[in-house]
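The values are calculated or read from the model by the stated rules, or taken from the named source; none is laboratory data. All figures in this text were calculated on a predicted structure; none of them were measured in a lab. Cβ: placed from backbone, ideal geometry, glycine included. Neighbour counts: every protein chain shown. For accessibility, only protein heavy atoms count, side chains too; no ligands or nucleic acids. Shrake-Rupley method; radii C 1.70, N 1.55, O 1.52, S 1.80 Å.
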Amino acid sequence: MNSIKKTVAIASILSIVFGCSISKEMKTDKTQISDNIELKISDLLAKMTLKEKAGQMLNIGLPTVLKGEYWAEKNSVDFDAEKVKKYIIDLGVGSIHNTPGFLANRDDWYNIVKTIQDSIMQKSRLKIPVLYGIDNIHGANYVEGSVMFPHQIGLAATWNTALTKRSAEITSYESRAASLPWNFNPNADVAMNPLWGRVSESFGEDPYLISEMTNAYIEGSQGESLDNAKSTAVCLKHFIGYGAGRNGKDRANAIIPENSLRQYFLPPFKSAIEKGAMGVMISSNAVNGIPCHISSYYINDILKGEMNFKGVVISDFSDVEFLIGAHQSAKDKREATKMAVNAGLDLLMNPYGDDVVDIIVDLVNAGEIKMSRIDDAVTRVLRLKFELNLFNVPYNKPTEYPDFGSEKHIAANYEMASESITLLKNENAILPLNKEKKVLVTGYAANSINMLNGAWSRTFLGQETKYNDPSKLTILTAIQKEIGASNVEFVEGTDYLEDINSDLAAEKAKNADYIVVCVGEIPATEKVSDINELELPKAQQELVKKLAKTGKPIILVMAQGRPRIIKEIEPLVSGILMAYYPGQEGGKAISDIIYGTVNPSGKLPYTYPMYSGNMVTYYHKKTDIRDANWGYNGFYPQFEFGFGLSYTTFEYSNLTVSKDTLALNDEFKVAITVKNTGKRAGKEIVELYIKDLVATVSPDSKKLTRFAKIDLKVGESKTVEFNLSTKDLESVGINNKWIAEEGEFEIQVGGNPQELQRKLIFLKL
């Protein structure tokens with residue numbers, strides 16, 4: 001027995017003999033570490049002046065301490081000595097964010113962070129390290145050479161929490177390789193409105209799926225301990241209701257009744273905080289007309305109170321200032337700062353300067369902000385710095401991260417892209433295509449890496465081509481590599497909004513056996529991503545219509561962040577692949593699915609609407625789908641939430657529930673057998689929904705309660721078991737509390753939302 005096995009064996013014996021004393025000791029060690037941190041914080045607080053405390057509450061942008069204009073594009077880092085002295089050494093700024101104005105590599109980032117930390121820890125009075133935060137949204141996207149994964153909506157489409165966890169582990173590793181310890185991610189927003197431009201950055205529309213994916217991301221990012229040099233702290237965003245803007249626009253006012261707030265929007269955040277999330281970013285929007293940044297009810301009462309959140313609450317970019325000009329809720333910066341800090345904000349992202357520091361000092365001296373509120377905010381900021389071990393290791397040597405951008409990380413990225421892509425139509429089993437046949441590839445997204453990567457890819461919008469990795473394949477070049485360039489004809493067809501040469505594409509199609517049309521939307525985020533209509537741009541639809549007249553079979557590939565309406569062209573195509581924004585390996589993954597190397601296994605994480613006037617989530621009320629004939633057939637999406645096809649077939653049978661009558665607090669099991677009845681191995685997502693048949697508050701059509709992704713060989717069967725309790729039957733009642741009412745509930749299980757097996761159970765109170 002080698003020493004490792006011997007140690008494990010001894011540990012196992014000791015655990016049994018001494019009643020799990022080892023795990024108790026580990027828990028005690030963590031408690032001691034936590035207590036030690038709290039003592040250190042108290043010691044620091046006692047030494048700090050009011051202005052130094054206010055300085056800890058300030059987050060500025062990196063360009064503020066560099067030479068030149070804030071938004072000027074740069075080629076190198078040139079610190080301004082006077083600004084470094086002002087903000088870092090004398091003030092002791094608490095946090096910094098943003099990029100240097102160019103795509104920095106690991107060494108650049110190391111030198112940036114080292115300069116900042118050395119300045120503050122060697123020359124400032126209290127030597128408190130800076131907390132550096134950044135938007136590494138789908139990989140360490142602001143670090144040259146890093147792996148860029150599918151966006152969150154693509155990860156959600158995998159329905160594979162292990163892959164989401166792995167993406168976070170790699171993102172964390174590659175961020176730390178650049179000395180970036182705090183990531184403004186994941187996005188826990190519930191994306192109810194498909195018009196919203198940041199659907200791609202979310203995990204979709206379902207609170208349970210969002211919660212599971214968010215928790216997996218936290219587990220991967222923060223690991224077992226934040227003081228591990230491979231772990232980064234997360235910052236959940238955006239609290240609360242950002243994805244529910246009434247008009248579908250970025251930062252738009254959301255109308256969210258208390259019942260809906262607690263049923264849909266709070267659960268992902270509550271679950272994530274229980275998982276150990278250490279940062280929360282407040283939403284830029286208003287809910288019911290009240291800007292989230294000044295809602296003491298949301299921040300103090302719910303987030304810090306009900307949810308017992310002990311981490312850092314940070315504003316979004318300039319959002320305290322936006323309380324004046326955008327929300328018109330404050331007359332000036334002083335009033336805005338007072339409202340935000342008293343509402344519970346700990347860290348103010350005030351990118352251009354330090355005016356809020358003097359304002360905070362003045363407000364405290366005037367008795368308008370209590371010192372206890374300031375101490376609470378600073379305690380939270382310091383706690384995160386201690387948890388991240390920044391006082392001992394304020395930056396990381398790039399050479400200590402040999403797997404940065406490695407083949408191992410690239411392979412994981414490819415796996416994520418492959419499992420995310422969702423087959424939505426496969427008429428007469430047109431896919432996979434025959435590799436010996438001629439193909440025309442055309443469309444806006446056909447030959448663009450940017451269309452695969454989306455926003456937050458080397459630049460904010462992700463539209464700049466000069467940073468693209470030439471080794472990565474577009475859809476076109478991947479297909480050329482797969483079947484040979486001589487078998488592929490390429491015509492651009494259209495731009496995003498305008499026709500380029502669609503007539504030429506139609507002419508060339510006459511010599512092809514198949515047509516692959518790649519449509520999509522221009523990469524963008526935040527306000528730039530706002531649109532006024534959800535339909536796929538007319539020029540791109542017209543291209544499909546022209547090509548359809550040739551009579552050649554068309555495969556439609558959609559590279560887009562949100563579901564663009566395609567009702568006019570869907571009947572004209574034989575196959576449809578939803579690629580979302582699949583990242584750097586997306587081109588290869590799409591090609592491998594088109595030609596059968598990979599069997600698609602993704603399923604939609606949102607409801608794909610057919611009409612812009614009928615955008616309803618799958619968990620709607622019955623009255624939402626009342627039709628013009630007074631029936632209830634008004635739910636007619638293009639594709640349902642949870643839908644996705646495979647190149648094989650699966651048969652569901654023998655649905656069982658361990659108890660058909662339940663008492664309060666009972667636990668029960670649901671099991672179902674799944675068999676691969678097709679001709680190739682495949683992955684299947686087993687979805688379990690619960691429908692409350694009668695409730696005082698009108699019940700949802702159903703709610704996702706569990707899911708599992710399984711692998712099945714040809715002819716193989718597996719029985720999938722889910723453990724549930726009566727808590728899973730609860731919903732938010734008329735008094736805005738989670739309750740389960742006596743009555744019948746329907747258990748629905750399957751892999752196709754239109755073909756779910758059902759069983760009734762009864763809850764008796």
> What number goes with the only condition from (1) more than 13 Å from the chain's Cα centre (by Cα); (2) surrounded by fewer than 24 Cβ atoms within 10 Å (Cβ to Cβ) that residue 196 does not pass?
Replying inline: (2)
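Okay, residues lined up against (1) surrounded by 24 or more Cβ atoms within 10 Å (Cβ to Cβ); (2) of a type in the set (S, T, N, Q):
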{"position": "212", "(1), (2)": "no, no"}
{"position": "215", "(1), (2)": "no, yes"}
{"position": "224", "(1), (2)": "no, no"}
{"position": "292", "(1), (2)": "yes, no"}
>> Being open to solvent by 10 Å² or more (accessible area, probe 1.4 Å), touching a Ser or Thr at 6+ places or on another chain (Cβ under 6 Å) and part of a loop (DSSP other than H, G, I, E, B) is the filter here; which residues of segment 528-557 pass it?
In response: 553
> For segment 567-588, how many residues are over 21 Å from residue 202 (Cβ atoms) and either in contact with a His (Cβ under 8 Å, 6 or more places away or on another chain) or not acidic (Asp, Glu) (or both)?
Replying inline: 10
>> When you scan segment 647-662, do you find a residue that is out of contact with any helix residue (DSSP H, G or I) (no Cβ under 7 Å at 6 or more places or on another chain), open to solvent by 30 Å² or more (accessible area, probe 1.4 Å), closer than 30 Å to residue 565 by Cα and in a loop (DSSP other than H, G, I, E, B), even just one?
In response: yes
> Can you name the condition, by its number, that residue 93 falls short on among (1) part of a helix (DSSP H, G or I); (2) β-branched (Val, Ile, Thr); (3) more than 18 Å from residue 142 (Cα to Cα)?
Replying inline: (1)
> For segment 45-53, does any single residue satisfy the condition of being under 22 Å from residue 100 (Cα atoms) and among the hydrophobic types (A, V, I, L, M, F, W, C)?
Replying inline: no
> Can you name the condition, by its number, that residue 145 falls short on among (1) assigned to a loop (DSSP other than H, G, I, E, B); (2) buried (at least 24 other Cβ atoms within 10 Å of the Cβ)?
Replying inline: (2)
>> Considering only residues that are surrounded by fewer than 21 Cβ atoms within 10 Å (Cβ to Cβ) and assigned to a strand (DSSP E or B), which ones fall in segment 689-702?
In response: 691
> Considering 442, 494, which residue is open to solvent by less than 10 Å² (accessible area, probe 1.4 Å) and touching a Phe, Trp or Tyr at 6+ places or on another chain (Cβ under 6 Å)?
Replying inline: 494
>> Just the residues that are within 33 Å of the chain's Cα centre (by Cα), of a type in the set (A, V, I, L, M) and over 13 Å from residue 722 (Cα atoms), please, taken from segment 648-684.
In response: 674, 681
>> Of all residues being touching a residue at least 24 places away in the same chain (Cβ under 8 Å), assigned to a loop (DSSP other than H, G, I, E, B) and out of contact with any Pro (no Cβ under 9 Å at 6 or more places or on another chain) in segment 356-388, which is most open to solvent (accessible area, probe 1.4 Å)? Just the residue, please.
In response: 368
>> So in segment 558-579, with the set limited to residues that are part of a helix (DSSP H, G or I) and more than 19 Å from residue 508 (Cα to Cα), which one is most open to solvent (accessible area, probe 1.4 Å)?
In response: 571
>> Which residue is surrounded by the most Cβ atoms within 10 Å (Cβ to Cβ), if the candidates are limited to segment 148-171 and must be of a type outside the set (A, V, I, L, M) and not in a helix (DSSP H, G or I)?
In response: 150
> Does residue 307 satisfy being open to solvent by less than 40 Å² (accessible area, probe 1.4 Å) and over 23 Å from residue 71 (Cβ atoms)?
Replying inline: yes
> If residue 353 satisfies every condition in (1) over 19 Å from residue 225 (Cα atoms); (2) under 26 Å from the mean Cα position of the chain (by Cα); (3) surrounded by fewer than 22 Cβ atoms within 10 Å (Cβ to Cβ); (4) of a type outside the set (Lys, Arg) but one, which is the exception?
Replying inline: (2)
> Out of 256, 302, which single residue is open to solvent by less than 40 Å² (accessible area, probe 1.4 Å), β-branched (Val, Ile, Thr) and part of a loop (DSSP other than H, G, I, E, B)?
Replying inline: 256
>> Scan segment 113-120 and tell me whether some residue there is hydrophobic (A, V, I, L, M, F, W, C) and assigned to a loop (DSSP other than H, G, I, E, B).
In response: no
> In segment 608-639, how many are in a loop (DSSP other than H, G, I, E, B) and without any contact (Cβ under 8 Å) to a residue 12 or more places away in the chain?
Replying inline: 9
> For segment 470-481, does any single residue satisfy the condition of being under 20 Å from residue 576 (Cβ atoms), open to solvent by 40 Å² or more (accessible area, probe 1.4 Å) and of a type in the set (D, E, K, R)?
Replying inline: no
> Checking residue 272 against (1) out of contact with any Pro (no Cβ under 9 Å at 6 or more places or on another chain); (2) buried (at least 17 other Cβ atoms within 10 Å of the Cβ), which test does it fail?
Replying inline: (1)
>> Against the definition (in contact with a strand residue (DSSP E or B) (Cβ under 6 Å, 6 or more places away or on another chain), in contact (Cβ under 8 Å) with a residue 12 or more places away in the chain, part of a loop (DSSP other than H, G, I, E, B) and of a type outside the set (S, T, N, Q)), how does residue 582 come out, yes or no?
In response: no
> Taking residue 248 and the conditions (1) open to solvent by less than 10 Å² (accessible area, probe 1.4 Å); (2) outside any helix (DSSP H, G or I); (3) under 22 Å from residue 59 (Cβ atoms), which numbered condition does it fall short on, given that it satisfies the others?
Replying inline: (3)
> Among the residues of segment 593-601, is any open to solvent by 10 Å² or more (accessible area, probe 1.4 Å) and farther than 26 Å from residue 472 by Cα?
Replying inline: no
> Quick one: which helices (runs of 4 or more DSSP H) sit completely within segment 397-516 and have at least 3 residues that are more than 30 Å from residue 109 (Cβ to Cβ)?
Replying inline: 475-483, 502-509
> Between residues in segment 94-115 that are basic (Lys, Arg) and residues that are part of a loop (DSSP other than H, G, I, E, B) and open to solvent by less than 10 Å² (accessible area, probe 1.4 Å), which pairs lie under 6 Å by C-beta distance while being six or more apart or on different chains?
Replying inline: 106/177; 106/178
